[in-house]
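Enquirer: A single structure is presented below for examination.
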Number of protein chains: 2
Amino acid sequence: MHVLVIGAAGMVGRKLLDRIASEPGALGGEIDRLTLVDVIEPVAPAALAGISITKAADLSDAGVAEALIASRPDMIFHLAAIVSGEAEADFEKGYKVNLDGTRELFEAIRLEGKKAPYRPRVVFASSIAVFGTPFPDKIGDEFFTTPLTSYGTQKAISELLLSDYSRRGFFDGIGIRLPTICIRPGKPNKAASGFFSNILREPLVGHEAVLPVDENVRHWFASPRSAVGFFVHAATLDLDKVGSRRNLSMPGLSALVGEEIAALKRVAGDKAVKLIRREPDATIQKIVAGWATDFDTKRATELGFRAETAFDEIIKAHIEDELGGNI
Amino acid sequence: MHVLVIGAAGMVGRKLLDRIASEPGALGGEIDRLTLVDVIEPVAPAALAGISITKAADLSDAGVAEALIASRPDMIFHLAAIVSGEAEADFEKGYKVNLDGTRELFEAIRLEGKKAPYRPRVVFASSIAVFGTPFPDKIGDEFFTTPLTSYGTQKAISELLLSDYSRRGFFDGIGIRLPTICIRPGKPNKAASGFFSNILREPLVGHEAVLPVDENVRHWFASPRSAVGFFVHAATLDLDKVGSRRNLSMPGLSALVGEEIAALKRVAGDKAVKLIRREPDATIQKIVAGWATDFDTKRATELGFRAETAFDEIIKAHIEDELGGNI
């Protein structure tokens with residue numbers, strides 16, 4: 001099996017590769033070729049270096065998608081995107097990368113299939129940003145997508161294209177709407193959602209972290225480990241069971257910031273909790289107030305997708321996966 | 001006010017122009033310039049000929065949108081599309097006309113606004129084809145769009161673009177999801193939905209019509225007169241009241257084929273009903289089974305959009321508007 005990962009240098013891409021390296025049969029067959037692409041050249045895990053080709057390329061540049069698809073990969077993970085803040089700040093770049101790049105990929109697959117039968121699986125990373133306020137208490141599987149960002153609009157449009165190209169038989173697509181990934185590894189960043197991870201990740205290693213919102217803010221979470229699990233499950237799932245509605249909100253954990261902190265206390269004690277510094281930030285509070293807080297993900301759950309059910313699990317997964325099991 | 005109508009040679013476009021001709025203030029101000037565009041050159045109603053420019057042009061061809069927008073129309077009706085059957089038969093043409101053409105228009109407006117402030121109103125003709133089975137008994141305002149045709153996909157994507165461009169302040173957009181228009185004037189055509197109109201329009205003038213489905217088939221209707229009313233209302237509506245969710249399912253009449261026939265009998269007698277010839281057609285029955293049958297259009301109704309509430313009204317509107325009031 002030839003697997004193509006677009007966006008392979010991103011956090012989820014790298015963790016997906018680590019999972020494949022440690023569990024070679026995870027995608028349901030033997031992988032004999034791996035093509036890894038990102039705007040900066042991705043690094044293949046050592047165990048996969050022998051079968052990997054790495055490339056620095058932007059999917060939205062002319063000819064890139066066509067060249068990638070000419071080698072007819074059997075399975076394609078499309079994880080590449082510019083993030084919400086950048087897509088909002090640079091309208092043209094957002095549409096070019098997040099919409100046109102995706103469409104170029106889908107078109108390249110369709111046109112390759114005109115040369116000789118070709119119907120790869122396409123697993124697409126979407127986002128709960130396809131939803132916009134006001135929300136019901138729990139967003140159900142049939143709630144409409146009325147994004148309030150250009151990023152969310154680009155993801156919602158990509159979802160529609162994915163469904164139509166799948167329905168027409170050009171590929172077998174599935175769209176995975178990720179919850180907010182927590183605990184994001186790495187350094188604190190300027191994303192408005194960063195604090196959800198920062199207030200756990202930093203205190204676990206003895207560093208201070210800033211909390212800009214109240215403890216009663218609710219949000220929707222899954223660990224990086226669960227995110228990888230979603231993509232692996234999507235790669236092998238029987239899509240006949242999914243039917244024509246190919247975009248699924250993934251399961252997650254709806255939790256208050258206060259519940260994050262209580263779990264941190266249980267796992268790492270008061271010493272860790274004391275490293276959280278409260279610095280209310282009205283701008284971040286306003287942005288966060290527009291985000292979805294809870295979902296009823298009946299379809300994805302019935303299809304076998306799984307996420308954490310308590311914040312203690314999310315923190316323990318981070319300690320195992322990022323901190324070698326020790327704090 | 002300079003008004004641009006794209007798709008001005010189509011049925012709804014022509015009827016919109018007739019309405020403006022007979023009611024010059026319908027769009028909320030004096031119209032001093034009217035630009036009428038379609039792939040075949042539209043004809044301006046006599047009363048509007050002095051202020052009209054007519055053009056044959058395809059919005060999806062390079063430079064067409066830019067040239068149209070260079071004259072900075074204040075109000076734009078975008079009614080142009082290829083129909084569902086053609087978009088399904090010719091994948092590339094459907095995306096080019098129905099998606100790229102719309103995006104070219106929206107981009108031309110955005111780029112014109114970079115030269116000097118410009119924020120026209122854009123009234124877009126969408127369709128209930130954005131919905132795909134299975135449906136609830138009544139499709140509510142918050143039901144998700146999972147189209148099962150490429151045409152429906154192109155309309156759903158255009159709706160998302162319209163909302164995002166409106167949110168960003170590039171124009172003031174509103175999307176109007178039309179019910180099936182009945183009674184369509186003109187000759188019987190090969191559209192799968194044609195019979196809904198044929199079985200009324202033809203018997204009213206003494207001609208036979210074919211009914212390919214059972215009388216217990218339910219569907220969602222509005223008259224051409226109501227369709228024009230939707231666009232006129234959308235042109236003048238206070239969009240602050242609409243908020244960020246700019247695409248609205250229009251009110252309509254949910255009725256059985258049997259109710260159409262009963263109304264025909266009340267209006268035109270048994271003689272007309274006897275001209276309906278039953279010729280079951282499994283292909284058409286299957287297509288029609290995938291169509292929405294009823295809606296709860298609370299938002300549009302609260303915003304003042306109105307349609308017929310009985311088939312007798314729909315038939316009488318046709319007799320008044322198309323048959324000079326006589327049968």
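The values are calculated or read from the model by the stated rules, or taken from the named source; none is laboratory data. The shown structure was predicted, so the numbers you read here are calculated from the model rather than taken from an experiment. As a convention, Cβ positions derive from the backbone with ideal geometry for all residues, glycine included, and neighbour counts pool all protein chains shown. Keep in mind that these areas ignore ligands, DNA and RNA; they rest on the heavy atoms of the full protein, side chains included. Shrake-Rupley method; radii C 1.70, N 1.55, O 1.52, S 1.80 Å.
Enquirer: It is to be established whether one or more residues within the range A:166-177 are within 14 Å of chain B (Cβ to nearest Cβ) and either closer than 30 Å to A:ALA268 by Cα or among the hydroxyl-bearing types (Ser, Thr, Tyr) (or both).
Expert: Yes, the range A:166-177 contains at least one residue that is within 14 Å of chain B (Cβ to nearest Cβ) and either closer than 30 Å to A:ALA268 by Cα or among the hydroxyl-bearing types (Ser, Thr, Tyr) (or both).
Enquirer: Quick one: B:ASP61 ticks every box in (1) under 28 Å from B:ALA129 (Cα atoms); (2) in contact (Cβ under 8 Å) with a residue 24 or more places away in the chain except a single one, so which number is it?
Expert: (2)
Enquirer: So, one more: From the list B:LEU303, B:LEU323, pick out the single residue that is buried (at least 17 other Cβ atoms within 10 Å of the Cβ), of a type in the set (A, V, I, L, M) and more than 16 Å from B:ALA263 (Cα to Cα).
Expert: Details: B:LEU323 fails: buried (at least 17 other Cβ atoms within 10 Å of the Cβ).
Sole residue among the options that is buried (at least 17 other Cβ atoms within 10 Å of the Cβ), of a type in the set (A, V, I, L, M) and more than 16 Å from B:ALA263 (Cα to Cα): B:LEU303.
To keep it simple, each residue is scored yes or no on (1) over 25 Å from A:ILE76 (Cβ atoms); (2) in contact (Cβ under 8 Å) with a residue 60 or more places away in the chain.
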site	(1), (2)
A:TYR118	no, no
A:VAL122	no, no
A:PHE131	yes, yes
A:LYS138	yes, yes
A:PRO147	no, no
A:GLY152	no, yes
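Enquirer: Only residues that are more than 7 Å from every other protein chain (Cβ to nearest Cβ) and in contact with a Pro (Cβ under 8 Å, 6 or more places away or on another chain): list them for the range A:142-162, please.
Expert: A:LYS155
Enquirer: Of B:GLY101, B:GLY113, which residue is touching a Lys or Arg at 6+ places or on another chain (Cβ under 7 Å) and not in a strand (DSSP E or B)? Let's see the steps before the verdict.
Expert: Values: B:GLY101 fails: touching a Lys or Arg at 6+ places or on another chain (Cβ under 7 Å).
Every option except B:GLY113 fails the conditions.
Enquirer: Also: Pick from A:THR145, A:THR153: which is in contact with an Asp or Glu (Cβ under 9 Å, 6 or more places away or on another chain) and open to solvent by 10 Å² or more (accessible area, probe 1.4 Å)? Quick ask: steps written out before the conclusion?
Expert: Numbers: A:THR153 fails: open to solvent by 10 Å² or more (accessible area, probe 1.4 Å).
From the options A:THR145, A:THR153, the qualifying one is A:THR145.
Enquirer: On to the next question. Of the conditions (1) within 9 Å of another protein chain (Cβ to nearest Cβ); (2) more than 24 Å from A:ARG245 (Cα to Cα); (3) under 20 Å from the mean Cα position of the chain (by Cα), B:GLY132 fails just one. Which one is it?
Expert: With (1) within 9 Å of another protein chain (Cβ to nearest Cβ); (2) more than 24 Å from A:ARG245 (Cα to Cα); (3) under 20 Å from the mean Cα position of the chain (by Cα) applied to B:GLY132, the lone miss is (2).
Enquirer: Here is a further query. Take B:VAL97 and tell me if it is at pLDDT 95 or above, farther than 23 Å from B:PHE230 by Cα, assigned by TED's automatic domain parsing to the domain that holds B:LEU68 and surrounded by 19 or more Cβ atoms within 10 Å (Cβ to Cβ). Working first, answer last.
Expert: Working: at pLDDT 95 or above: yes; farther than 23 Å from B:PHE230 by Cα: yes; assigned by TED's automatic domain parsing to the domain that holds B:LEU68: yes; surrounded by 19 or more Cβ atoms within 10 Å (Cβ to Cβ): yes.
Spelling it out, B:VAL97 is indeed at pLDDT 95 or above, farther than 23 Å from B:PHE230 by Cα, assigned by TED's automatic domain parsing to the domain that holds B:LEU68 and surrounded by 19 or more Cβ atoms within 10 Å (Cβ to Cβ).
Enquirer: Since A:ILE183 meets every condition but one in (1) outside any helix (DSSP H, G or I); (2) more than 10 Å from chain B (Cβ to nearest Cβ); (3) open to solvent by 10 Å² or more (accessible area, probe 1.4 Å), which condition does it not meet?
Expert: Tallying (1) outside any helix (DSSP H, G or I); (2) more than 10 Å from chain B (Cβ to nearest Cβ); (3) open to solvent by 10 Å² or more (accessible area, probe 1.4 Å), A:ILE183 fails exactly one: (3).
Enquirer: Please go through the range B:26-80 and pick out each residue that is open to solvent by less than 30 Å² (accessible area, probe 1.4 Å), over 16 Å from B:GLU104 (Cβ atoms) and part of a loop (DSSP other than H, G, I, E, B).
Expert: B:ALA26, B:LEU27, B:GLY29, B:ILE31, B:PRO42, B:ALA44, B:PRO45
Enquirer: Let me ask something additional. Output the residues belonging to the range B:197-249 that are within 14 Å of chain A (Cβ to nearest Cβ) and open to solvent by 10 Å² or more (accessible area, probe 1.4 Å). I'd like the intermediate steps shown before the answer.
Expert: Quick first cut of the range B:197-249, residues within 14 Å of chain A (Cβ to nearest Cβ) only: B:242-249.
Within the range B:197-249, B:GLY243, B:SER244, B:ARG245, B:ARG246, B:ASN247 qualify.
Enquirer: When only residues in the range A:238-254 that are of a type in the set (Lys, Arg) and out of contact with any Gly (no Cβ under 6 Å at 6 or more places or on another chain) count, which is nearest to A:THR145 (Cα to Cα)? Outline the logic, then answer.
Expert: Looking only at the range A:238-254, we keep the residues that are of a type in the set (Lys, Arg), and these are A:241, A:245-246.
Add one more test, that the residue is out of contact with any Gly (no Cβ under 6 Å at 6 or more places or on another chain), and what stays is A:241, A:245.
Values: A:LYS241: 23, A:ARG245: 13 Å.
Only one residue tops the list, namely A:ARG245.
Enquirer: Same structure again: Is it the case that some residue within the range B:104-115 is open to solvent by less than 30 Å² (accessible area, probe 1.4 Å), charged (D, E, K, R) and more than 10 Å from chain A (Cβ to nearest Cβ)?
Expert: Taking every residue of the range B:104-115 in turn, at least one turns out to be open to solvent by less than 30 Å² (accessible area, probe 1.4 Å), charged (D, E, K, R) and more than 10 Å from chain A (Cβ to nearest Cβ).
Enquirer: Checking A:GLU88 against (1) assigned to a helix (DSSP H, G or I); (2) open to solvent by 40 Å² or more (accessible area, probe 1.4 Å); (3) without any contact (Cβ under 8 Å) to a residue 60 or more places away in the chain, only one condition comes out false. Which one?
Expert: Result: A:GLU88 fails condition (3) only.
Enquirer: With under 17 Å from the mean Cα position of the chain (by Cα) and farther than 22 Å from A:PRO147 by Cβ as the only criterion, which of A:VAL257, A:VAL232 stands out?
Expert: When all the criteria are applied, what remains is A:VAL232.
Enquirer: A further question follows. Spot the failing condition for B:ASP164; the list is (1) of a type in the set (D, E, K, R); (2) open to solvent by 10 Å² or more (accessible area, probe 1.4 Å); (3) closer than 24 Å to B:ILE82 by Cβ, and only one is missed.
Expert: Going through (1) of a type in the set (D, E, K, R); (2) open to solvent by 10 Å² or more (accessible area, probe 1.4 Å); (3) closer than 24 Å to B:ILE82 by Cβ one by one, B:ASP164 breaks only (2).
Enquirer: Between a residue in the range A:39-57 that is within 19 Å of A:ILE82 (Cα to Cα) and any residue that is of a type in the set (S, T, N, Q), which pairs come within a Cβ distance under 6 Å, given they are 6 or more apart or on different chains?
Expert: The qualifying pairs are A:GLU41/A:THR54; A:PRO42/A:THR54.
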